[in-house]
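J.: Here it is, the structure in full.
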Amino acid sequence: MRYWLMKSEPSDVSIDDLAGFPNQTVDWYGIRNYQARNFMRDQMRIGDGVFFYHSNCDVPGIAGIAEVCTLAYPDRLQFIKGHKYYDAKATPETPRWLNVDVKLVRKTRLLSLKELRTYSELE
């Protein structure tokens, strides 16, 4: 089993949003980074752990632990014209972007980026 750092802006999807869906999966959509897509496609497996990271906020950091519940599959938003994640080059036959489903394992105390930087083991 591996652990992955997956980030979200709390104003978009927060750890509290995940907690609002107990024992349910949520699709981790909108990934538009090729390296992240390739990790999801080639290496993420069902049961892998996720460090849920709040980014672009007053105190960024790890806010909880989630679990990968599906293998990667095409992100449906890439096909919706007018959507902010629409990709004109993507087709259902040759999708460019993927997502996985995750579910909350537990919220944790916030491990801030500032605190994480104090752990030399993480370098």
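Every number in this text was worked out from the coordinates using simple rules, so none of it is lab data. Keep in mind it's a predicted model, so treat the numbers as computed, not measured.
J.: Per-residue HN-Hα couplings for segment 25-36, Karplus 6.51 cos²θ - 1.76 cosθ + 1.60 at θ = phi - 60°, whole Hz, x for Gly and Pro?
T.: 9, 10, 7, 8, 9, x, 6, 10, 10, 4, 5, 4
J.: So, one more: Tell me which residues come under 5 Å, amide H to amide H, from VAL105 once H is placed; ignore anything under 5 positions away on its chain.
T.: Amide H to amide H, under 5 Å and 5 or more residues apart or across chains, VAL105 pairs with ILE65, ALA66, GLU67.
J.: If you plug each phi of segment 109-114 into the Karplus form 6.51 cos²θ - 1.76 cosθ + 1.60 with θ = phi - 60°, what whole-Hz ³J(HN,Hα) values come out, in order, with x for Gly and Pro?
T.: Whole-Hz 3J(HN,Hα) from phi for segment 109-114: 5, 5, 9, 5, 4, 4.
J.: So for segment 3-122, if I pair up every lysine 8 or more residues apart or on another chain, how many of those pairs have alpha-carbons under 27 Å apart?
T.: The result is 9.
J.: Now, a different point. With a/c under 1.5 counting as rounded, go ahead and sort segment 1-62 into rounded, prolate or oblate using the C-alpha gyration tensor (a ≥ b ≥ c being the square roots of the eigenvalues; past the cut-off, prolate if a/b is larger than b/c, else oblate). Don't jump to the answer; show the numbers that get you there.
T.: On the way: a/c = 1.74, a/b = 1.27, b/c = 1.37.
Note, shape of segment 1-62 comes out oblate.
J.: A further question follows. When the chain is treated as a GNM, springs tying every alpha-carbon pair under 10 Å, which of LEU71, LEU113, LEU98 comes out with the largest mean-square fluctuation?
T.: Maximum fluctuation in the GNM of the chain, among the listed residues, is at LEU113.
J.: Give the long-range amide H neighbours of ARG96: residues separated by 5 or more places, or on another chain, with amide H under 5 Å away, using H modelled in the peptide plane at 1.01 Å from N.
T.: When sequence neighbours closer than 5 places are left aside, the close amide H contacts are THR91.
J.: Right, something else. Along segment 52-69, what does the Karplus equation 6.51 cos²θ - 1.76 cosθ + 1.60 (θ = phi - 60°) give for ³J(HN,Hα), rounded to whole Hz, x for Gly and Pro?
T.: Per residue, the Karplus-derived 3J(HN,Hα) values read 7, 10, 7, 10, 6, 9, 4, 10, x, x, 7, 10, x, 10, 10, 9, 6, 10 Hz.
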